[in-house]
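One structure below.
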Amino acid sequence: MRHAKDHRKLGRSPAHRKALLRNLMNSLVISERIETTVPRAKELRRLADRLITLGKRETLHARRRVFSLLSNKAATDKIFASLAGRFSGREGGYTRIVRTGYRAGDGADLAIIEYLPAEEKKAAAKGKKKAAAKKAPANAAAAKKAPAKPGARGKGKSGEKAKKGRAPGAPRKRKAGTEEK
């Protein structure tokens, strides 16, 4: 049993795994979206979120720790310059993993891992939703006041569909042209 095992081995030796994850981290930081296998993406998510957390600290020690993980000055500068600022109001969960299907050659499960977009877009969308929500109660009140159409089928008080002209337990009418066997 794999109790208390804190990371995936990805079928590689420790040095090869470290190099693989370093290359994936650099690619993710530079392009902000990469496609890889699902286990690699899940392992990369731990490290990618840690990079952003270190970037938010903006200390020399944090910058040196990020550089020790990436070994790429351009990627390190990008974390501190743009990515950390983008997530200043967020406490973790900086990445998203979306499964995309299976690889043609070996059938491996693929996924896209990406950094989430900026928060301003979500704040603007929330403002629109609030405005729509204010209009919705007025529309709902008008709909409640309108009388129901005669013969309209809907759910009654018990949650069952309304039965059209049939007593409880009575058999259904047969379609014309069907015979009873």
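Taken together, the values in this text are just the output of simple stated rules run on the coordinates, not laboratory data. All of these numbers come straight from a predicted model, not from anything done at the bench. Here Cβ is always computed from backbone atoms with ideal geometry, including for glycine, and neighbour counts include all displayed protein chains.
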ask   = Any idea how many residues of segment 57-96 are closer than 21 Å to Leu21 by Cα and in contact (Cβ under 8 Å) with a residue 24 or more places away in the chain?
value = 15
message = Could you check segment 77-93 and list, in sequence order, the residues that are of a type outside the set (D, E, K, R) and surrounded by 16 or more Cβ atoms within 10 Å (Cβ to Cβ)?
response = Ile79, Phe80, Leu83, Ala84, Phe87
task = Sort out for me the helices (runs of 4 or more DSSP H) sitting completely within segment 1-91 that have 1 or more residues that are more than 18 Å from Tyr115 (Cβ to Cβ) and aromatic (Phe, Trp, Tyr).
result = 60-70
inquiry  = Can you report the number of residues in segment 2-14 which are exposed (fewer than 12 other Cβ atoms within 10 Å of the Cβ) and on the phi > 0 side of the Ramachandran plot?
reply    = 2
query = Of all residues in segment 15-53, which are crowded, with 16+ Cβ neighbours inside 10 Å, touching an Asp or Glu at 6+ places or on another chain (Cβ under 7 Å) and among the charged types (D, E, K, R)?
reply = Glu32
remark   = The correct count of residues that are part of a loop (DSSP other than H, G, I, E, B) and exposed (fewer than 11 other Cβ atoms within 10 Å of the Cβ) in segment 94-105 is 2
